[in-house]
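Rule-based calculations on the coordinates, nothing more; no lab input. Remember, it's a predicted structure, so these values are computed and weren't measured experimentally. Reconstructed Cβ throughout: ideal geometry from the backbone, glycine too, with neighbour counts over all protein chains shown.
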């Protein structure tokens, strides 16, 4: 049975690099691109610049509709990248705190490996990976590869 990889995607350059790494290094694996909609993030959990003053009220039906549109763009980009590498991927969505959702998804879906991007920051070691990546590395039931800039 092929290895199952989980690649959290948010549309950022580092999440795209993580997906590219997964597609190149694990050619025979089944890849799942997971987007987490963080209800505490007024910016739709994507790297799109959003002026929240002009957007629907956070948490409203309109807000979730806009977040869904952003998510579909992220998934379209992920599918296109997979196609460019001669592969395919499945997509899935979770709602909640990103690190917790990634770990829970890995536990509940027979994931063999997580490949994710991180924001490399200066300063304390804890911040080196970024808070989400740090939490996933510490709590994941499977191996985690972190792609840094």
- Note on the structure: Expressed in nanometres to one decimal, the distance between label points 7 Å along Cα→Cβ at residue 17 and residue 3 is 2.1 nm
- Item | Residues in the stretch 1-32 reached by a label modelled at residue 85 [backbone nitrogen below 12 Å; 7 Å Cα→Cβ] | 5-8, 15-32
- Query: What ranking of 65, 20 emerges when the number of other C-beta atoms within 10 Å of each C-beta is taken as an exposure proxy, fewest first?
  - Reply: 65, 20
- What is the extension gain from residue 93 to residue 76, computed as 0.36 nm multiplied by their sequence separation minus the C-alpha to C-alpha distance, in nm to one decimal? 4.8 nm
- Message: I need the shape label for the stretch 66-110. Rule: rounded when a/c is under 1.5, else prolate if a/b > b/c, else oblate, with a, b, c from the alpha carbon gyration tensor.
- Response: oblate
- Additional length obtainable on full extension of the chain from residue 112 to residue 27, 0.36 nm per residue less Cα span: 29.2 nm
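Please order 137, 31 by the number of other Cβ within 10 Å, starting at the fewest. Working shown, then result.
Details: 137 18, 31 23.
The fewest-first ordering by Cβ neighbours comes to 137, 31.
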